[in-house]
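The values are calculated or read from the model by the stated rules, or taken from the named source; none is laboratory data. Fair warning: this is a prediction, and the values are worked out from it, not measured in the lab. When we count neighbours, we look across all protein chains shown, and the Cβ atoms used for this are built from the backbone with ideal geometry, even at glycine. Note: accessible area is taken over every heavy atom of the protein model, side chains too, but ligands, DNA and RNA are not part of it. Shrake-Rupley method; radii C 1.70, N 1.55, O 1.52, S 1.80 Å.
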Amino acid sequence: MSVNEYDVAIIGAGVTGCAIARQLSQYSVRAVLIDAAEDVAMGASRANSAIVHAGYDCKPGSCEARMNVRGNELFETWCRDLSVPFNRCGSLVIGFDDDDAKTLQDLYERGLANGVPEMKLLSGDEARAVEPSLSPLVTKALWAGSAAITCPYQMTIACAENARDNGVEWRLGARVTSLTREDGCIRVAMGEKSLLARYVVNAAGVYADEISRMLGDDSFTISPRKGEYMLMDRKNTCVRTVVFQTPTKMGKGILVSPTVDGNMFAGPTSVDIADKGDTSVTAEGIAQLTEKSKKSVPGINLRAVITSFAGVRAQPSTGDFIIGISKAEPRLIQAAGICSPGLTSSPAIAEEIVRLIEKAGLSLAPKADYCPTRKAIPEFRHLSREEQAELIERDPRFGRVICRCETITEGEIVEAIRRGARTVDGVKRRTRAGMGRCQGGFCMPRVMEILSRELGAPMTELTKFGGGSRLLTGILKEVDD
Amino acid sequence: MLVKKYDVAVIGGGPAGLAAALSAKEREPGLTVAVIERDKALGGILQQCIHNGFGLHYFGEELTGPEYANRFIERIKGSGVDVYLDTMVLELTPERRVVCVSAANGLMAIDAGAVVLAMGCRERTRGALNIPGTRPAGVYTAGCAQRLVNMEGLMPGKKVLILGSGDIGLIMARRLTWEGAKVVLVAEIMPYSSGLNRNIVQCLVDNGIPLKFNHTVTNIIGKERVEAVTVAEVDPRTRLPITGTEQTYECDTLLLSVGLLPENELTSAAGIDIDPVTNGAVVDETRQTSLAGVFACGNVLHVHDLVDNVSDEATLAGRAAAEYASGQASRQQTYAVKGVNGVRYTVPQRVHAGLDGKTDIYFRVGNAYRPATAVVRCGDTVIAKRRKQIMTPGEMEKITIDAALVTGDLTVGLEEVNPS
Ligand SMILES: Cc1cc2nc3c(=O)[nH]c(=O)nc-3n(C[C@H](O)[C@H](O)[C@H](O)COP(=O)(O)OP(=O)(O)OC[C@H]3O[C@@H](n4cnc5c(N)ncnc54)[C@H](O)[C@@H]3O)c2cc1C
Ligand SMILES: Cc1cc2nc3c(=O)[nH]c(=O)nc-3n(C[C@H](O)[C@H](O)[C@H](O)COP(=O)(O)OP(=O)(O)OC[C@H]3O[C@@H](n4cnc5c(N)ncnc54)[C@H](O)[C@@H]3O)c2cc1C
C-alpha cells in the first residue's frame, strides 16, 4: 500500500470517530482519522452535558436504546483504560405534579424494557434525602443508579491518542470536500490533498448528511439543535447527582449537574437553528436556564457563573441513530445522526461500526502489540505533596504554576503540546489551564508564550482554536525613546 | 519537602507585599522576613502599568508603575528581606504553614510566626457578566491586554470597544489609541464611572473617545475573531437593556474593564472570615484577620484605586505582623465597624478598644452623592464627621477617628446627603 492508501478513513474526530478509531486500532489495519478542525473534539463532543445516561429515555427497540445501555456498560472500563475521569453519581428525574408523576412512571417502564439496571421511583422526601438541594416542591423522582458523569473532550482526546499510539494516523485541519469511487476504493479529497481508502466511516456529526450525499446516499438529513449552558465556579457546587426535569418533545430538559472537575452547570436549552455552526449563547437562553434551574435547585448561585457556552446536536431525520452500511455505497459505513445519548453510546457505536467494517469485507486480524491503555497528562493539582515533590525532581517544569486558578504547571502544558495541542483552547481542554474562575485572564499570555516557544511559531500566528481565530493583530509599532 | 522557618512570611511581592515586608523589618530588625512571589520579578501589577500617575500622595511626585515599584524593590535589596521569586504559594494552613512550589526549590514549606497576605486581585471576566454571543478570539480583560501591550509588545486588536469605565479600561483606551488602534466606544452600564475622574479626562476626552453611560454590551458577533459588538442602553433602575436601543459597532476586539476581585482562595481555604462585600478578609485596624497572626493588605483585602493607599495599608499590616511575631500582640477586645446609609463597606471591619491616637477608616459609597457628609457613630454618639463636595463609588474615602472614643460598635454612614 502506498503512503496515501488506507484500509479505513474515518471522517470526523468527535467522540464517535475517535472511539471508532480506538476500537479499530486493535486490528492490523491502516486507518486515518480526518477532521476539518485543527484539533479533535471541536464539534458536539466539546460542548454537551457530559452525562453517561442510564438509558430510560430512549424508545424501546431503537438503535439508540441498544447503544445507550451497552455504552453505559462499557464506559467505565474505557475510562479506566484511557485515564478519563468518570463518576457514577447517579441521576434523578424530578416531578412536580401528577402529570410529571405519570411521565416518571412511563420512563421507569421504558427503562425496564431497555434493560436499565438500578432504577427506583422515589417520593419527594426520598429524593431530597439523596439530593438535599432539590426544591421542596418536588413530589416524585426517578432514580437511576447507573447514570454517571465524565469529561466528553477528555474522552475524545484520550480515544484519539490511544488510537494514534496504536498506529492510526491523524489528519487535522483537513476538511473533506469530495468523495469519489476509484479502483474499488474511495478517493477522499480534502481541498488540494487527497487519499484513497477502501472503506469510509462517516462520523461527521451535524455535517454527516453532506458527507453521505457525496457518495449519493441522501436517505437522511441532519438538522442542528442548539443547547446552551452556564457553568459555575467550583466553590458554589451544591448538587452531587445529575438532576433532570421531566423530558419534553424537544429533549431531556434543562438539568443541573456537577462536573467531574467539581464545577456545576445548568443546561442545555433546546432550540432548532438554521446554521449548523451556530454556537452562540443568547439572552433568551440565559433567561430560560436561570428560570428552569432555579425550579429544580432553588439555592443555585447563578452569580457564580464563570462561563456560558453552547453545543449543537445532530438531529437525524429518521428519529434514530443511523448506524449501518450505506445502501447507496457498500464502502460507506454510517455513524450518523448521533444526537444525545451519543457520548454515552460511543464505545458501543465503536464496537458496532467495527463489526460492520468487517461485514463490509475488511478482514480484521488482531494486532499482537495492541496497547489498550493511555496515560493521562500528570495532574499536579491532584497529587499528594510527596508525589508533587517527586514530579518536580524529575522535571522542574512541573514546579512552575502557569494557571493559578486551576494550579496547572508548565510541565503539563508542555506535555499537552507534545501530544498535539496547537492552540490556546487545545491546551485548555487538555490541561484545564484557563478553565477556572479567571477564564485565562491571567494565564493566556503565559500559555501563548509556551505555545510559541514549543511550536517555534511567532506569537502573532497563534490562534484560540485554529482557522481565523488569531489572538493578536500584530506587534507594537516602533517607538523612538 | 524543604522546611524553613521565618518570623514573618509575606505572600505576594506587589506594592502591598513589598511595603509590608519593609515595614516589618523596620519595626523589628532582628526578625527574619521572606517575600514569596509567583512571578519572575517583584512589583506585582505595577510592572505592567507603565503610565504616569503613581505616588502623588506617597512620594509627592508622579511616577510610572514600574518606577513606583522600583523605589520599594531598591530598598528591599539592602534590607535583609529574603525574596523567593517564581514561587507560587499553594496553601496556607491555620498553623501558619505556607506551602509553596517552584522549579528551583521544588516543594517548600515555610513555618511562619506571622503571615501577611498580599496576593492582589484578579479581573472580572465575560463569563461573570453572562454576555451573550459567540466566543471568538479577541475578547480580553483590560489587564490581560495591558500585559500583552506593555510587557510583550503585542497588539491585541486594531478596532476596539471597551466595556466598563474602570481605570484599567480607561488607561488602555489611551494606550491602544497611542499605538495606532481605534477605540470606537467605552460603554458603562452605570450612570457614573468607577474610574478616577482624571483618567476620564486624560484618557478619553483628550483623545476624543466617546463614553456612553447607562449602556452595556448585549451581543458579541463573529465566529473566529470578534467582528462586531452590539451595545444597548439600559434602564437606569433595573440595569436591563432597553429593546430597540441596540447599536452594532464593527470592531475586532472587546476589552472588559468590569471590576476587580480580591484573590482570596488561600485565605478562604485557611478558614479565614471573608467580608461578602469586599470579598477580602475581615480585619481589625492592624489588618489582622480572623486567624491570629495572619494579616492582609492591598488589593487582596479590598480593591484600591490608588497604589499610594496600598502602601500605607501595607505599612500598618507589616508593622503589626512584626509585633505579633515578636510576641507583642494586642489582647484587647474588638468592636465591629459597619457601613450603613449609603456606605457599602468599611475597612477595617473591627477596631480594638482602648487605643491611643488616631485610626483611619476607609470606606466606599454605593452611589454618587454631591455633597455628602460621612458620620461615624459609637452608639448614639457622633465621634467623627467629614463633609465632601462629592463622593462616588469610584473613589475610596477615608475618615479618621480618635481611637480613645471607641467604647462600643461603630457605624459609618452618610447623612445630609444629596444623591445625584
Ligand atoms: C447540548 C448537547 C447535550 C448533550 N448531552 C449529552 C449527554 O449528556 N450525554 C450523551 O451521551 N450525549 C450527549 N449529547 C450528544 C453528544 O454530545 C453527541 O452525540 C456526540 O458528541 C457526537 O459526537 P460525534 O463525534 O458524532 O460528533 P461531533 O463531536 O460533532 O464530531 C463531528 C466532527 O466531524 C467533523 N466534520 C464535519 N464535517 C467534516 C468534513 N467535511 N470533513 C472533515 N471533518 C468534518 C467536525 O469538524 C467534527 O469535529 C449532547 C449533545 C449536545 C449538543
Ligand atoms: C490590571 C491593573 C491595572 C491597574 N492600574 C492602575 C493604575 O493605572 N493606577 C493606579 O493607581 N492603580 C492601578 N491599579 C491598582 C494598583 O496597581 C493596585 O492597587 C496595586 O498594584 C495593588 O497592589 P497589591 O500588592 O495589593 O497587588 P498586586 O500588585 O496585584 O500584587 C500581588 C502580587 O502577589 C502575587 N501573588 C498572588 N498570589 C500569589 C501566590 N499564591 N503565591 C505567590 N505570589 C502570589 C502576584 O503575582 C502579585 O505579584 C491597577 C490594578 C490592576 C489589577
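Observations, loosely collected:
- Residues of the stretch B:19-41 that turn out to be touching a strand residue (DSSP E or B) at 6+ places or on another chain (Cβ under 7 Å) and either open to solvent by 40 Å² or more (accessible area, probe 1.4 Å) or more than 15 Å from residue B:320 (Cα to Cα) (or both), as a count: 6
- Residue list for the stretch A:111-145, restricted to those being part of a loop (DSSP other than H, G, I, E, B) and touching a strand residue (DSSP E or B) at 6+ places or on another chain (Cβ under 8 Å): A:116, A:118, A:131, A:134, A:135, A:138, A:139, A:145
- Residues located in the stretch A:286-301, provided they are in a helix (DSSP H, G or I), under 11 Å from residue A:256 (Cβ atoms) and open to solvent by less than 60 Å² (accessible area, probe 1.4 Å): A:289, A:293, A:296
- Total residues in the stretch A:423-481 satisfying the condition of being open to solvent by 20 Å² or more (accessible area, probe 1.4 Å), touching a residue at least 12 places away in the same chain (Cβ under 8 Å), touching a helix residue (DSSP H, G or I) at 6+ places or on another chain (Cβ under 7 Å) and in a loop (DSSP other than H, G, I, E, B): the figure is 4.
- Test: residue in the stretch A:286-299 that is in contact with a Pro (Cβ under 7 Å, 6 or more places away or on another chain) and within 24 Å of residue A:228 (Cβ to Cβ): yes
- Selection status of residue B:3, over 30 Å from residue B:172 (Cβ atoms), assigned to a strand (DSSP E or B) and more than 16 Å from ligand 1 (Cβ to nearest atom): yes
- Qualifying residue in the stretch A:413-422 (condition: open to solvent by 10 Å² or more (accessible area, probe 1.4 Å) and either at pLDDT below 95 or at the interface with chain B (Cβ under 8 Å from one of its Cβ atoms) (or both)): no
- Boolean, residue B:14 is touching a strand residue (DSSP E or B) at 6+ places or on another chain (Cβ under 9 Å) and buried (at least 16 other Cβ atoms within 10 Å of the Cβ): no
- Residues of the stretch B:257-272 classified as within 11 Å of another protein chain (Cβ to nearest Cβ), part of a helix (DSSP H, G or I) and not hydrophobic (A, V, I, L, M, F, W, C), total: 2
- Residue check, residue A:283 at pLDDT below 95 and within 14 Å of chain B (Cβ to nearest Cβ): yes
- Residue within the stretch B:231-239 that is farther than 30 Å from residue B:113 by Cβ, within 12 Å of chain A (Cβ to nearest Cβ) and either modelled with pLDDT of 95 or more or not in a strand (DSSP E or B) (or both) present: yes
- The single condition among (1) of a type outside the set (A, V, I, L, M, F, W, C); (2) in contact with a strand residue (DSSP E or B) (Cβ under 9 Å, 6 or more places away or on another chain); (3) outside the structural domain of residue A:343 (by TED's automatic domain parsing) that residue A:106 does not satisfy is (2).
- Put simply, of B:232, B:181 the only residue that is touching an Asp or Glu at 6+ places or on another chain (Cβ under 8 Å) and under 30 Å from residue A:277 (Cβ atoms) is B:232.
- Residues located in the stretch B:300-349, provided they are among the hydroxyl-bearing types (Ser, Thr, Tyr) and either under 25 Å from residue B:368 (Cβ atoms) or without any contact (Cβ under 8 Å) to a residue 40 or more places away in the chain (or both): B:345, B:346
- Top-ranked residue in the stretch B:233-268 [being within 20 Å of the chain's Cα centre (by Cα) and open to solvent by 60 Å² or more (accessible area, probe 1.4 Å); ranked as nearest to ligand 1 (Cβ to nearest atom)]: B:265
- When residues in the stretch A:363-388 are screened for being away from chain B (no Cβ under 14 Å), within 23 Å of residue A:75 (Cα to Cα) and either in a helix (DSSP H, G or I) or of a type in the set (S, T, N, Q) (or both), 1 of them pass.
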